[in-house]
Each structure stands twice: as structure tokens, then as C-alpha cells.
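The values are calculated or read from the model by the stated rules, or taken from the named source; none is laboratory data. Computed from a prediction, not measured in an experiment: that's the story for all the values here. When we count neighbours, we look across all protein chains shown, and the Cβ atoms used for this are built from the backbone with ideal geometry, even at glycine.
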Amino acid sequence: MPLIQSICVFCGSSPGLDPAFGQAAEDLGQLLAERHITLVYGGGHVGLMGLIADATLNAGGKVHGVITRALEEKEVAHRGLSKLQITESMHDRKASMADASDAFVMLPGGLGTFEEFLEAATWTQLGIQSKPCAILNVGGYFDPLLNLLDRSVDERFLRPEHREQLVVGSDPASLIETLIGWKPVTIDKWLDRAEG
């Protein structure tokens, strides 16, 4: 069973249109603080990123932000964090966030959110790391992505076991409990035409 002391949250630098997105970010941030789990995130003060950071801090939790120098210079960095780490590149940023985290959660966001989360999930699939990855599916936002993942299983691009190792839920508290009980799969990634 993984020991979860820190969770990296990938989410939008916009709050999105649905107020439920912001509420979910705030609920998750408060829950992390209550569970004494450090929030690791992209270091911004805007959008869902700022909401989850502020909620965690306001509830007495620790927040470790990781941001590139270029973004920091654009004044999007959150200045009230427990720790703000500056990196030179996005690659360094993602590696630092992964190193500092025991698990990953994706909230609503755009291309950057998708890319960062799917890279973390791929690292777990390949055995580069053994860390759970979860999708907080607020208001069905990720339904199209989940349908695509199911299609990739049907079309034999993704093993069912790897699809199933992605934790999916709409409630932050139950999502955290599932992450704590998560176990990695130890099956090879590759599929070939000769299989089943």
C-alpha cells in the first residue's frame, strides 16, 4: 500500500465556467490539509491552481509550488506558499513535481493539465514509478477522455489492467481513500496481434 504524504494536483490556470470546478478544487485542498498531505502543484495563483492552493493554506496545510522561471516572471507565481521552487524548463518542472509527490490527481483543465497527468500515468504504466494516478471527474468533465480510454482498450492500444489502474471518482474524500489503497499492476504494457 502506498504511503501518501504528498499529492501532485494538475488543474487549470482558469477557473472554468462551472462553479463546481472551483468548489471541487477547494474541497480537495481542504481535505489534503486535514489529512496532513502536502499539495504539490504548478505554483500559480490563478484559476483552479490558485483556488486549491489557497484552500489548502487556509486550512493549515502545506503547499509546494513548482513553476518555471518564465512563468514566475509573468507574475503568475503564488507568493504565499510553504515552498516555491523555480525551474528553468517545463521538463525540469514536471520531473521536480513527480519527485516530490506520492500520487497524482487531475482536476479540470486544458492541454497542459492533460499532458502533465497523462505523462505521470504513462510513467506508472511503464514502471518508471509506482505511484497512483487519479481523475477527479467533476460534473462529468472527463467523460469524453474516459470514453477515449475505453475505446483504446477496445482497439487494443491499452491493456484493460492499465485502464483499470487509473483511479476515477467524483468525490474528493473517496478518491483519496482509493489512492491510499491502490496497488500497481505488474503486467507488460505491450499488446500484439497474436494475443486474445
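Among the candidates GLN5, GLN30, GLN23, the residue that is under 15 Å from the mean Cα position of the chain (by Cα), surrounded by fewer than 19 Cβ atoms within 10 Å (Cβ to Cβ) and at pLDDT 95 or above is uniquely GLN5.
When restricted to residues that are out of contact with any helix residue (DSSP H, G or I) (no Cβ under 7 Å at 6 or more places or on another chain) and under 13 Å from GLN5 (Cα atoms), segment 28-67 contains 6. Contact map, segment 3-23: first residue on the phi < 0 side of the Ramachandran plot and without any contact (Cβ under 8 Å) to a residue 60 or more places away in the chain, second residue part of a loop (DSSP other than H, G, I, E, B) and surrounded by fewer than 22 Cβ atoms within 10 Å (Cβ to Cβ), Cβ cut-off under 9 Å, separation 6 or more or different chains; pairs are PRO15/VAL46; GLY22/PRO15; GLY22/GLY16. The set of residues in segment 156-168 being of a type outside the set (D, E, K, R), surrounded by 12 or more Cβ atoms within 10 Å (Cβ to Cβ) and within 13 Å of ASP188 (Cα to Cα) consists of LEU158, PRO160, HIS162. Candidates are the residues of segment 78-133 that are of a type in the set (Phe, Trp, Tyr) and without any contact (Cβ under 8 Å) to a residue 40 or more places away in the chain; the one that is farthest from TRP182 (Cα to Cα) is PHE114.
The set of residues from segment 172-184 being surrounded by 16 or more Cβ atoms within 10 Å (Cβ to Cβ) and not in a helix (DSSP H, G or I) comprises just one member, TRP182. If only residues of segment 82-121 that are polar (S, T, N, Q) and surrounded by 14 or more Cβ atoms within 10 Å (Cβ to Cβ) are counted, the one that is nearest to VAL63 (Cα to Cα) is SER82. Taken over segment 124-139, the criterion of being out of contact with any strand residue (DSSP E or B) (no Cβ under 6 Å at 6 or more places or on another chain), at pLDDT 95 or above and farther than 13 Å from MET106 by Cα is satisfied by GLY139 alone.
The set of residues in segment 33-50 that are of a type in the set (A, V, I, L, M, F, W, C) and over 15 Å from the mean Cα position of the chain (by Cα) comprises ALA33, VAL46. Identification of strands (runs of 3 or more DSSP E) wholly contained in segment 1-78 with 2 or more residues that are over 16 Å from THR113 (Cβ atoms) yields 63-68.
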